[in-house]
Amino acid sequence: MSTKEKLLELLAQARGQSLSGEEIAKALGLSRAAVWKAALALRQEGYALEAAPRRGYALLPGSGPLRLEALLPHLSAEAKRAEIQLFQSLESTNQALKALALQEAPHGTALLAEEQTKGRGRFGRAFHSPKGTGLYLSILLRGDLLKGKIPSAFTLCAAVAACAAVEEVCSLRPQIKWVNDLMLNGRKVCGILSEAAQSLEGGGLDWLVVGLGLNVSTRAFPPEIEALAGSLYEDASPPEDLRPRLAAALLNRLLSPQTWAFGPETRAEYEKRMLFLGERALVRLGEERFQARIEGVDELGRLLVEKEGGGGLALASSEARIEAPG
Ligand code: BTN
């Protein structure tokens, strides 16, 4: 067994608990420098290995590297036909896929990354995408599937698909915060960013990239989102094979044409999981803020609200944000 494998075995036995460099060195009969080197090699392979100055090393459970071979048995026939690529590290899967879209990559091309160094969110925000503890993926839609569709509805369809995949694989029930945040226990666990190119001829969509970032077992977040962000598995450890199964479930849904049919069924599925449905919430519309009852989603994928003091409004996804009532 190599030093790296020995270290992996020891840390796996510790089940997420930290071991100091000294403890490890003693247990394996190595120098501390050799431990450090082996830890670095594991990290380069995609293991989420924490190393804190006073606490030592800990392997986050369920954080072994994602491999395409591990996804394959869980992929649908449709998804198996798609061009799926997995990277150890990308700046952003959306950015990389948009570049491929411009080079005529086919419908269904999917990119996954073990980490993103410049993960992007809506409103120009960053999306924290550390190695090995989340799923960061983008898929490319083009061709007939886009014809006659409402562009903003794709995000709603993606949110329903992501919830359904999490429900299927993790038996957890995330809710959707308008328009595309998946929430669990009051914290955001998943974000979706759709980016499209308009066709120059027909005026419709030429292609659309749907990117999804899901925090599976991420525990440390940057201070500015610490109070807002969460993970599917915060205290408990996810099963060892969870990430490949969940990645496959997401791809199966995102690569199925039915997912993108925005009709009464999808609207009902969205509303079923919608945070604040039938309740009062604070609506933010640019600089304006008002209390309103959240009524649901209309056939154009707009948010329906009943403003306090009278007046129903249908708001486009890009204009409105909702929060707990003030
Ligand atoms: C948001 O919450 O505002 C949207 C976050 C979207 C993050 C995903 S991760 C995969 C894909 N690549 C990116 O750079 N962003 C999306």
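Tell me, please, whether a residue that is outside the structural domain of K26 (by TED's automatic domain parsing), buried (at least 20 other Cβ atoms within 10 Å of the Cβ) and under 30 Å from K37 (Cβ atoms) can be found in region 94-110.
no
Hey, among the residues in region 187-217 that are without any contact (Cβ under 8 Å) to a residue 12 or more places away in the chain and not in a strand (DSSP E or B), which one's nearest to the ligand (Cβ to nearest atom)?
Across region 187-217, the extreme among qualifying residues is S199.
Test of understanding: among L111, L137, which residue is in a strand (DSSP E or B) and within 30 Å of E299 (Cβ to Cβ)?
L137
State which residue pairs qualify: first residue in contact (Cβ under 8 Å) with a residue 24 or more places away in the chain and over 11 Å from A249 (Cα atoms) and inside region 144-168, second residue surrounded by 22 or more Cβ atoms within 10 Å (Cβ to Cβ) and among the small types (G, A, S) in any location, beta carbons under 6 Å apart, and separation of 6 or more residues or different chains.
Partner pairs satisfying both residue conditions: I150/G301; S152/G301; A153/G301; F154/S194; T155/S194; L156/G301.
Can you find a residue in region 242-260 that is surrounded by fewer than 21 Cβ atoms within 10 Å (Cβ to Cβ), among the basic types (K, R) and under 25 Å from Y136 (Cα atoms)?
Yes, because at least one residue in region 242-260 is surrounded by fewer than 21 Cβ atoms within 10 Å (Cβ to Cβ), among the basic types (K, R) and under 25 Å from Y136 (Cα atoms).
Using the structure shown, decide if G301 is within 26 Å of the chain's Cα centre (by Cα), within 14 Å of V160 (Cβ to Cβ) and not assigned by TED's automatic domain parsing to the domain that holds L145. It would help to see each step written out before you state the result.
Details: within 26 Å of the chain's Cα centre (by Cα): yes; within 14 Å of V160 (Cβ to Cβ): yes; not assigned by TED's automatic domain parsing to the domain that holds L145: yes.
Yes.
Within region 282-326, which strands (runs of 3 or more DSSP E) (wholly inside it) include 3 or more residues that are surrounded by fewer than 16 Cβ atoms within 10 Å (Cβ to Cβ)? Walk me through it before giving the result.
Numbers: elements: 288-297, 303-307, 312-315, 320-323.
The strands (runs of 3 or more DSSP E) meeting that bar are 288-297.
Residues of region 79-116 being more than 10 Å from the ligand (Cβ to nearest atom) and among the polar types (S, T, N, Q), which ones?
Q85, Q88, S89, Q103, T109
Every residue in region 117-147 that is within 15 Å of the ligand (Cβ to nearest atom), surrounded by fewer than 20 Cβ atoms within 10 Å (Cβ to Cβ) and charged (D, E, K, R), please.
Of everything in region 117-147, those that are within 15 Å of the ligand (Cβ to nearest atom), surrounded by fewer than 20 Cβ atoms within 10 Å (Cβ to Cβ) and charged (D, E, K, R) turn out to be K118, R122, R125.
Among the residues that make up region 266-276, is at least one of them loosely packed, with under 15 Cβ neighbours inside 10 Å, farther than 30 Å from P325 by Cβ and out of contact with any strand residue (DSSP E or B) (no Cβ under 7 Å at 6 or more places or on another chain)?
No, every residue in region 266-276 fails to be loosely packed, with under 15 Cβ neighbours inside 10 Å, farther than 30 Å from P325 by Cβ and out of contact with any strand residue (DSSP E or B) (no Cβ under 7 Å at 6 or more places or on another chain).
So which of A34, A79 ends up being modelled with pLDDT of 80 or more and more than 30 Å from S138 (Cβ to Cβ)? It would help to see each step written out before you state the result.
Numbers: A79 fails: more than 30 Å from S138 (Cβ to Cβ).
Result: A34 is the single residue among A34, A79 that is modelled with pLDDT of 80 or more and more than 30 Å from S138 (Cβ to Cβ).
Can you confirm whether P223 is surrounded by 23 or more Cβ atoms within 10 Å (Cβ to Cβ) and assigned by TED's automatic domain parsing to the domain that holds T259?
no
Does T155 fit the bill of being under 28 Å from P65 (Cβ atoms), within 15 Å of the ligand (Cβ to nearest atom), out of contact with any Cys (no Cβ under 9 Å at 6 or more places or on another chain) and among the β-branched types (V, I, T)?
Spelling it out, it is not the case that T155 is under 28 Å from P65 (Cβ atoms), within 15 Å of the ligand (Cβ to nearest atom), out of contact with any Cys (no Cβ under 9 Å at 6 or more places or on another chain) and among the β-branched types (V, I, T).
Taking the condition surrounded by 15 or more Cβ atoms within 10 Å (Cβ to Cβ), in contact (Cβ under 8 Å) with a residue 40 or more places away in the chain and in the same structural domain as P130 (by TED's automatic domain parsing), does S18 pass?
No, not satisfied.
The values are calculated or read from the model by the stated rules, or taken from the named source; none is laboratory data. Quick caveat, the model's predicted, so the values are computed rather than measured. Here Cβ is always computed from backbone atoms with ideal geometry, including for glycine, and neighbour counts include all displayed protein chains.
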